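Asks: I have a structure here, written as structure tokens, and I will follow up with some questions on it.
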Amino acid sequence: MMIPVAHGPSGQSLRVAFANPLDEEAVVAVEAAAELPVECSVAVATDVLDAINREYRRRETKVVFRPAPKPVEANRLPLPVEPPSEPAPELVDASITAPARRLDGEASLELRHEALLLALIERGLVTRADYLEALKRLLGREG
């Protein structure tokens, strides 16, 4: 869940508040749609939803249906293409061909949350005071 906030200072980027700024797929999709690099900030999911409702309630919106693409006839399918030859070894990036290692599977949920909080604080997206206030609210809900 996300909502655009503003253009960057130079106008060459878009600032977007994400409920999950670590969702790379969402960030890439927004960059592709906006045709601009995205500066991510974090927001509570309910705040993002409230902002969406507030901003888009003022405007008249309507659903636009697109016609389904016409099916391709079997006799008009392109001819099969030969598979590419092996690329030269020096052109293959080792980071692409190396097996991926997921760090998040090796860490406990508590450690992953602590790492996320640390990253947000270090980037200045969340202050320790913001964190403590949110923690107090959550602890109040449990009691």
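What follows draws every value from the coordinates through simple rules; no lab data is involved. Nothing here was measured: the structure is a model prediction, and the numbers come from that model. Positions of Cβ are generated from backbone atoms using ideal geometry, with glycine treated the same way; all protein chains shown enter the neighbour counts.
Asks: At a 10 angstrom cut-off on C-beta neighbours, averaged per residue, how do the peptides 11-21, 123-133 rank from highest to lowest?
Replies: My ranking of the peptides, most packed first, is 11-21, 123-133.
Asks: For a footprinting-style exposure proxy, rank H113, H7 by other Cβ within 10 Å, fewest first.
Replies: Going from sparsest to densest Cβ surroundings: H113, H7.
Asks: For a quick check of your reading of the filter: which GluC sites (Glu not before Pro) in segment 8-56 sit in a DSSP loop and have no more than 16 other Cβ atoms within 10 Å?
Replies: Passing sites in segment 8-56 are E35.
Asks: What FRET efficiency, computed as 1/(1 + (r/R0)^6) with R0 = 25 Å and r the Cβ-Cβ distance, is obtained for S10 and E31, rounded to the nearest 0.05?
Replies: 0.95
Asks: Follow-up question, since we're still on this one. Could you give the nm distance between label points at R112 and R57, where each point is 7 Å from its Cα heading toward the beta carbon?
Replies: 3.4
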